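Peer 1: Please read through the structure below; I'll follow up with questions.
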Amino acid sequence: MKTLLPLALLALSPALHAAAAPDLVATLRYETVTIGNDGVEKTIRYQEKLTRQGKHVWRERLNARAGGHDHEHGAEDGHDHIDYPAANRHVWLDAKGQPRLEFAVPQQGLLVQVGQREWSDVGFDGSWTQASQIVDIAKLKGFTVSPGADGSRWYRKTANGHSKQLQWSTRWAMPLQVESRSQDGRYRESIRVEIRPLAAGQPLPWAQTGRLRAKDYMDTLD
């Protein structure tokens, strides 16, 4: 399943910002609600866990089976069919401050390395800030800003029949919630974020991939 939040708030430039942000573990709860012309309401929900430490960010879709063989060929055709939006994603900055990308697919014992030319194929725009902070707050334009609880800030904007709002935690350099909705009430999508500090000595998921077999992204395609 593809990531379902192409919010205007998240459609930001790929400028790279490597400013240090606090280490943390966050649970992201996504929800999209639509009401069709037939009056049928559809709701889609999923959750992700994000681990951020220094120059590493790991995101994993909870309850997902990214390495399952739902492809029409099945598992017998000799190819690895991977649902990349649902796969465990590791983004980090190398010694030159440039982003690197790989996907861990433990169901198939694979660590898939994705070169820059293929980033767009798997939904990565090259922005370290967006990868590590969900939103590049410096790119929000035309939003009103007001203070929120616990030192947070609210960003709000209404235009073209849609309203958008974001509560930003200055402490964590991470949104606490993001919402976009149509003014007619027929469309709404949101992210709710619960944050806790990364505990000292907690095993880091990207350090647990040594048993996986490295494979180039291009070699996983049909």
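Peer 1: Go ahead and run the numbers for FRET between LEU198 and THR158, Cβ-Cβ distance against an R0 of 30 Å, rounding to 0.05.
Peer 2: After rounding to 0.05, the efficiency reads 0.25.
Peer 1: Report the extension gain between ASP150 and THR27 in nm, rounded to one decimal, defined as 0.36 nm multiplied by the number of residues separating them, less their alpha carbon distance.
Peer 2: Gain on stretching ASP150 to THR27: 42.4 nm.
Peer 1: Pull out the extension gain between SER182 and GLU118, defined as 0.36 nm times the separation in residues minus the alpha carbon to alpha carbon distance; nm, one decimal.
Peer 2: 19.7 nm
Peer 1: Another question about this same structure. If packing is taken as the average number of other Cβ atoms within 10 Å across a peptide's residues, how do 86-92, 115-121, 212-218 rank, most packed first?
Peer 2: 86-92, 212-218, 115-121
Peer 1: Could I ask something else about it? If the limit is 32 Å between Cα atoms, which of LYS55/LYS215; LYS157/LYS215; LYS42/LYS215; LYS96/LYS157; LYS55/LYS139 go over it?
Peer 2: LYS157/LYS215; LYS42/LYS215; LYS96/LYS157
Peer 1: Rounded, prolate or oblate: which fits the range 136-222 when a ≥ b ≥ c are the square roots of the eigenvalues of the alpha-carbon gyration tensor, with rounded for a/c under 1.5 and prolate only if a/b beats b/c?
Peer 2: Note, shape of the range 136-222 comes out oblate.
Peer 1: Compare the peptides 30-43, 158-171 by average per-residue count of other Cβ atoms within 10 angstrom and give them in order, highest first.
Peer 2: Averaged packing, sorted descending, gives the order 158-171, 30-43.
Coordinate-derived values only; no laboratory data. For clarity, every value in this text was computed on a predicted model and none was experimentally measured. Note that each Cβ is placed from the backbone with ideal geometry, even for glycine, and that neighbours are counted across all protein chains shown.
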